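Asks: Attaching a single structure in structure tokens format; questions to follow.
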Amino acid sequence: ATSKLVAKVASDHEKPQGCTIVLPGAEAAFLAPLPARVIWGIGPRTAEKLAQMGIMTCGQLAAAELASLYHQFGRQAEDLQRRARGIDNRPVVAEAGLPKSISQEWTFNQDVNDAALLRAQVQRMAEKVATAVQRHGLVAHTVRVKFRWADFTTFTRQKTVEVGFDDAETITRLALAIWEEHWPAGKRMRLIGVAATGLAAVQGRQLGFDFGSR
């Protein structure tokens, strides 16, 4: 394969023992019958939106009207369609240069046990983390939530998925699922945090990590 994206899909295609060779110029044809979900950056929610448009495969995504994709996905539309055609000219940056995580934390002025307020704060932080992940060309595999109770007891819990993601919907969904599972209703919190970890990056964008926390 001539691109990192197609090489990754091909390496997964015949696991655990098979081998798939994609010749130069055959990338789009190789991807065409595969589910759109195999494309890097297409998480469950994005795949669901594509399905609602009648787009189930990479070939259908590659042939879709760009205007329709723009209506649903904004500036990501062109990237999604290029990837569906097997176009990915960005070399992978060595992981040694990557941060271990991108996080947002919030310390409340007073201990809080209001479910609606806590839920809204988790959502806001998840969206900020997603914005940073997207802005710097990163993809995450794990979402971690940090809890600190009123007595300053602190712990973290996380969820990991196999396919990388960079969208706010996936990060928010995972963060809320962790929070709902591990927050006993009514328990007062002093601090809560959301982090994206298991990061991978591609070259071509400046990696500047200055994420404020309070």
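Rule-based calculations on the coordinates, nothing more; no lab input. Worth saying up front: this structure is predicted, and the values here are computed from it rather than measured. Every residue, glycine among them, receives a Cβ derived from its backbone with ideal geometry; neighbour counts consider all protein chains shown.
Asks: Just in segment 147-202: which chymotrypsin sites (Phe, Trp or Tyr not before Pro) are loop by DSSP and have at most 13 other Cβ atoms within 10 Å?
Replies: The qualifying sites are PHE152.
Asks: Let me ask you something else. Could you pull out the trypsin sites (Lys or Arg not before Pro) across segment 110-206 that fall in loop regions by DSSP (anything but H, G, I, E, B) with no more than 15 other Cβ atoms inside 10 Å? Each step should come with its number before you reach the end.
Replies: On the way: sites: ARG119, ARG124, LYS128, ARG135, ARG144, LYS146, ARG148, ARG157, LYS159, ARG173, LYS187, ARG188, ARG190, ARG205; in loops: LYS187, ARG188, ARG205.
For trypsin sites (Lys or Arg not before Pro) across segment 110-206 that sit outside H, G, I, E and B with at most 15 neighbouring Cβ atoms in 10 Å, the list reads LYS187, ARG188, ARG205.
Asks: Right, another one. Please list, by residue number, everything in segment 126-156 whose backbone N is under 16 Å from a paramagnetic label point 7 Å out along Cα→Cβ of GLN110.
Replies: So the set is 150.
Asks: Each label point is 7 Å from the Cα along the Cα-to-Cβ direction; what then is the distance between the points at HIS141 and LYS49, in nm?
Replies: 2.5 nm
Asks: Note down the Stokes-Einstein diffusion coefficient of segment 95-201 in µm²/s, whole number, using a Kirkwood radius over alpha carbon pairs, 20 °C, and 1.002 mPa s.
Replies: It comes out at roughly 155 µm²/s.
Asks: Place a point 7 Å from the Cα of PHE152 along the Cα-to-Cβ direction; which residues of segment 102-146 have their backbone N under 17 Å from it?
Replies: 107-112
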